[in-house]
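Working notes for the structure below.
The values are calculated or read from the model by the stated rules, or taken from the named source; none is laboratory data. Since this is a predicted model, take the numbers as computed values, not measurements. Cβ placement follows ideal geometry from the backbone for every residue including glycine, while neighbour counts extend to all protein chains displayed. Just the protein is used for accessible areas: all its heavy atoms, side chains included, with ligands, DNA and RNA removed. Shrake-Rupley method; radii C 1.70, N 1.55, O 1.52, S 1.80 Å.
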Amino acid sequence: MSLIKLIETLPKTELHLHIEGSLEPSMMWELASKHGVTLPYDSVEAIEAAYQFDDLQSFLDLYYQGADVLRDEDDFYLLMMAYLQRCRIDNVVHAEIMFDPQTHTSRGVGFDVFMPGFNRAITEAKQQWGMSVYLIMSFLRHLPEKDAIDTLNQAREYYPMIKAVGLDSSELGNPPENFVKVFAASRALGFKCVAHAGEEGPPEYIWQALDLLHVDRIDHGVRSSEDAVLMQRLKDEGMPLTVCPQSNIKLCVFDHMKDHNILELLDDDVCVTVNADDPSYFGGYLNDNYRALMTHLAMNEAQLVRLVKNSFVASFLPADEKNRWLREIDKLVGM
Ligand code: HPA
Ligand code: ZN
């Protein structure tokens, strides 16, 4: 089977995807019109044209502004459903999806609005095509830890729907060490923990996420390669990194895809995975990211298969389900 066909055919998971970052310009336009929200754009094309970023913050400014069109339960249902249908096309059989409650609660849109909307879409996807979904509730690190603790408390009724907590938004100047209490409380409640670290921030932030927040995965983590001791630690622990290649190019973490270090990390035995992050803002869903590695980094079949297997190994699925998918991949690769 050709590499391009294998990318499409292999079952995959996606572990680093912000649902608010899957809001397509066309949906943003329709929801703005539905709710009478005035956008600073005069067409869908103008929204697309605005998606040129210098760094993480220049993206986040548009991402939070875009999320303002999400107002009622149906909006969150439509948003989640559109992404899950896209998963079906890309053969993503399991997704661990981040959502940012504070982006919505700060606008007066509560858990009782977005959680039922998400739940309806996830339930339909499970019933209709057997999709498996976990939710990751992410705290915004540019806000005080107190706000994150309030958010954890507000979510109480919805804990059964949530698998893990995360940490996202503006990284530089907002280190993991500021969120020790809320992560300890989350772990005590039984949640898995992830945190964005080492996207723009230094390796020190990755150490903090490991040692102070006790995370189960690092989101991004591409700056690990600057610290040989950290690299050894990641390998010794099998600590996964959820890498987002096209995101890193759009936000200028690397100048060009040919400069990206994901395959070096993989060949060095770090458990790296491929993810889309915010696909509608960064110009590609999951398979587009895999195809970019093929085109610009000459990814070979063995590397593809390892990346895809890592996506299951690094997931929060139970061991028997992971093993079932790993065997299925071996079978498909052997054909
Ligand atoms: N980094 C930090 N915060 C985010 C991102 C990201 O890539 N996407 C959405 N929120
Ligand atoms: Zn992210």
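Looking across segment 159-172, the residues that are open to solvent by 30 Å² or more (accessible area, probe 1.4 Å) and either over 15 Å from the mean Cα position of the chain (by Cα) or among the small types (Gly, Ala, Ser) (or both) come down to 159, 160, 161, 172. With respect to residue 10, determine if the residue is farther than 20 Å from residue 292 by Cβ, open to solvent by less than 60 Å² (accessible area, probe 1.4 Å) and away from ligand 2 (no atom under 16 Å from the Cβ). For residue 10, the condition - farther than 20 Å from residue 292 by Cβ, open to solvent by less than 60 Å² (accessible area, probe 1.4 Å) and away from ligand 2 (no atom under 16 Å from the Cβ) - is not met.
Tally time: how many residues in segment 165-201 are assigned to a loop (DSSP other than H, G, I, E, B), within 16 Å of ligand 2 (Cβ to nearest atom) and farther than 16 Å from residue 17 by Cα? So the count comes out to 7.
Scanning segment 287-306 for residues that are closer than 22 Å to residue 50 by Cα and either among the aromatic types (Phe, Trp, Tyr) or crowded, with 23+ Cβ neighbours inside 10 Å (or both) yields a single hit, 289. For residue 159, the conditions (1) in a strand (DSSP E or B); (2) within 27 Å of residue 82 (Cβ to Cβ) all hold with the exception of (1).
If only residues of segment 219-228 that are open to solvent by 10 Å² or more (accessible area, probe 1.4 Å) and within 14 Å of residue 269 (Cα to Cα) are counted, the one that is nearest to ligand 1 (Cβ to nearest atom) is 225.
Screening residue 212 against (1) closer than 28 Å to residue 10 by Cα; (2) away from ligand 1 (no atom under 16 Å from the Cβ); (3) open to solvent by 10 Å² or more (accessible area, probe 1.4 Å) leaves a single unmet condition, (1). Is there a residue being in a helix (DSSP H, G or I), within 16 Å of ligand 1 (Cβ to nearest atom) and in contact with a Phe, Trp or Tyr (Cβ under 6 Å, 6 or more places away or on another chain) anywhere in segment 280-295? Looking through segment 280-295, at least one residue is in a helix (DSSP H, G or I), within 16 Å of ligand 1 (Cβ to nearest atom) and in contact with a Phe, Trp or Tyr (Cβ under 6 Å, 6 or more places away or on another chain). Counting only helices (runs of 4 or more DSSP H) that fall entirely inside segment 50-152 and contain at least 2 residues that are away from ligand 1 (no atom under 13 Å from the Cβ), open to solvent by 10 Å² or more (accessible area, probe 1.4 Å) and in contact (Cβ under 8 Å) with a residue 24 or more places away in the chain, the qualifying elements are 73-90, 111-129.
Considering (1) part of a helix (DSSP H, G or I); (2) within 22 Å of residue 297 (Cα to Cα); (3) more than 14 Å from ligand 1 (Cβ to nearest atom), the lone condition that residue 273 does not fulfil carries the number (1).
Restricting attention to segment 173-193, the residues being within 16 Å of ligand 1 (Cβ to nearest atom) and in contact (Cβ under 8 Å) with a residue 60 or more places away in the chain number 0. Scanning segment 250-268 for residues that are among the aliphatic types (A, V, I, L, M) and within 12 Å of ligand 1 (Cβ to nearest atom) returns 251, 253.
Is it true that residue 20 is open to solvent by 10 Å² or more (accessible area, probe 1.4 Å), modelled with pLDDT of 95 or more and under 17 Å from the mean Cα position of the chain (by Cα)? No, not satisfied. Counting residues in segment 245-268 that are within 16 Å of ligand 2 (Cβ to nearest atom), under 26 Å from residue 25 (Cα atoms) and touching a strand residue (DSSP E or B) at 6+ places or on another chain (Cβ under 6 Å) gives one or more. In summary, residue 234 fulfils each of the numbered conditions (1) closer than 21 Å to residue 60 by Cβ; (2) without any contact (Cβ under 8 Å) to a residue 40 or more places away in the chain; (3) in contact with a Leu (Cβ under 8 Å, 6 or more places away or on another chain) with the single exception of condition (1).
Of everything listed in (1) free of Cβ contacts under 8 Å to residues at least 60 places away in the same chain; (2) among the charged types (D, E, K, R); (3) within 16 Å of ligand 2 (Cβ to nearest atom), the single unmet condition for residue 226 is (3).
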